[in-house]
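The values are calculated or read from the model by the stated rules, or taken from the named source; none is laboratory data. These numbers come from a predicted model, not from an experiment. Here the Cβ positions follow ideal geometry from the backbone for every residue, glycine too, while neighbour counts run over all protein chains shown. What goes into the accessible areas is simple: the full protein's heavy atoms, side chains included, and nothing from ligands, DNA or RNA. Shrake-Rupley method; radii C 1.70, N 1.55, O 1.52, S 1.80 Å.
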Amino acid sequence: MLTHLRIKNFKAWKDTGPIRLAPLTVIFGANSAGKSSLGHLLLALQQTARSTDRKRALHLGDSASLIDLGTFEDCLHGHDLQQTLGFELGWRLPKALDVKDPLQPTRRYTGQDMKLEVEIAAGRSAQPEVQTMRYALQGSGATVLDVDFHRDTQRKLHLQSKHYEFRKADGRQWPLEEPEKFYRLSDVTAARFKNAGFMADFALATEAMLDNLSYLGPLRSHPQRIYQWSGDTPASVGPMGEQTIAAILAAQGDARQLNRGPRRSKQAFAEFIAAWLKDLGVISDFSVRPVAVGRKEYEVLVKTGPKSPEVKITDVGFGVSQVLPALVQAFYCPPHSTVWMEQPEIHLHPQVQAELADVFISAIQSRQDGVERQVQLIVESHSEHFLNRLQRRVAEGVLTPDDVAVYFCRRSAAGTDLEPLKLNLFGDIENWPPNFFGDEMADIAARTLAAMNRKKAQAAGQPAE
């Protein structure tokens, strides 16, 4: 689970400042203010980690990748190649990492929180090149082990630590090699030292964190009359929700069972999703069935009311097919995952938008086979109804202020600013931004004045202005 994020000189962001990421993090803001680019950088880091090209510091994308950010110059704030793109990621490991120094067996470094800080500059041919790569392993809120791999002004690479003594291998002191991607030492560089083997564990922890990141975009695929499934297990529902039905069938095939929290009854995955759709009020019943025995074609059947006939999902309102991927991904993703969603409330009635907040609260509190899933949701939204429900649940004690983080993204002369909103125990936002959801009072006052003028004109027998 991600605990914090900071980004410098990336697209609209000169410096986001430290961003606390809670189990449920919600980002509001104006259109084109830069909300989406926060997630886009994380996706670029993920596709870099999954790339087969170890020499590429940052894979910004192409026509075959999940996201294409253009050139490195396109990504830099102000398109200034003299700037360095910087980011800092913090995350909680599923279990504590224990590092031992083979040269000093009594020395142990144990922690469950990781931090990675990277600076990338334009190198040869204006391609991204790692300037610094700093790791910190933290336990009980303090750094127990740090690593600083950086390039000096003469382009020479160095590996240092304040808490650990790296010792070079015997023999000729060869220079260190370029890092692989943005987060790992090359095998050759690690071999230059007698006790740098633990750096592979740091790289694996970074890859595991990025591999557990999934993304659902604001535009979801249209429903289909027939879906095909051959028994595969997709990693997620896909950026457009195109793998939603395959994910449901795969979870059913694995006999996954979920419940909404402690002392709540377990349900099979499809049944669990159907119950939430019913609670949202969008349908009365939901099922996924093969069109015939032994076939790999499936149809999704729904009932809009208790006495309504069963129809295919293509024959009901568009909102069902749009909210279904968000529900499925929130509960389908593996434990300790982070899910980034853009506008999950799109095409939904205001009441359903409010109920969706309860779905996401359940997702971060849900259990699988009796064990807390510890899933994190980061949501970009424009819904006032969604926020109102979150505030209500905090006031009711269902959520604590530590469980949720709310941010407001606004354009400024320098680029974009991200303002953390202070949510207290009573569900109140103490620093409500002006015109957060438009100027409601101005609209009410203008409407009242217009109504008064119209009534006066009608009483005088005159046409209203």
Expressed as a rounded percentage, what relative contact order does segment 85-202 have, with Cα pairs under 8 Å and six or more residues apart? 18 percent
Rolling a 1.4 Å sphere over the protein heavy atoms, what is the accessible area per residue of segment 116-261, to the nearest Å²? 48 Å²
Apply the Karplus curve 6.51 cos²θ - 1.76 cosθ + 1.60, θ = phi - 60°, to the phi angles in segment 152-168 and return the couplings in whole Hz, x for Gly and Pro. 8, 5, 8, 6, 7, 9, 9, 10, 9, 7, 8, 10, 9, 9, 6, 10, 6
Show me, for segment 336-343, the HN-Hα J-couplings you get by feeding each phi into the Karplus relation (A = 6.51, B = -1.76, C = 1.60, θ = phi - 60°), rounded to Hz, glycine and proline as x. 6, 8, 10, 10, 9, 10, 10, 6
At 222 nm, what helix-only mean residue ellipticity would the chain give, in deg cm²/dmol to the nearest 500, using -39500 (n - 2.57) for each DSSP H run of four or more? -8500 deg cm²/dmol
Those chymotrypsin sites (Phe, Trp or Tyr not before Pro) from segment 1-91 that are DSSP loop and have at most 11 other Cβ neighbours within 10 Å turn out to be none
With angles folded into 0 to 90 degrees, how steeply does helix 350-365 sit against the dominant principal axis of the chain? Use alpha carbons for both and round to 10. 40 degrees
For a quick check: with amide H placed at 1.01 Å from N, whose amide H comes under 5 Å from Gln257's, ignoring anything fewer than 5 positions away on the same chain? Asp369
Förster radius 25 Å - calculated FRET efficiency between Asp187 and Thr143, Cβ distance, rounded to 0.05: 0.45
Relative to the Cα centre, what is the charge dipole magnitude of segment 1-133, using +1 at the beta carbon of each Lys and Arg, -1 at the beta carbon of each Asp and Glu, and rounding to the nearest 20 debye? 500 debye
Please list the non-local residues whose amide H lies under 5 Å from the amide H of Leu60, H modeled 1.01 Å from N, same-chain partners needing a gap of 5 or more. none
With charges set only on the Cβ (+1 for Lys and Arg, -1 for Asp and Glu), what does the dipole of the chain come to about its Cα centre, in debye to the nearest 20? 540 debye
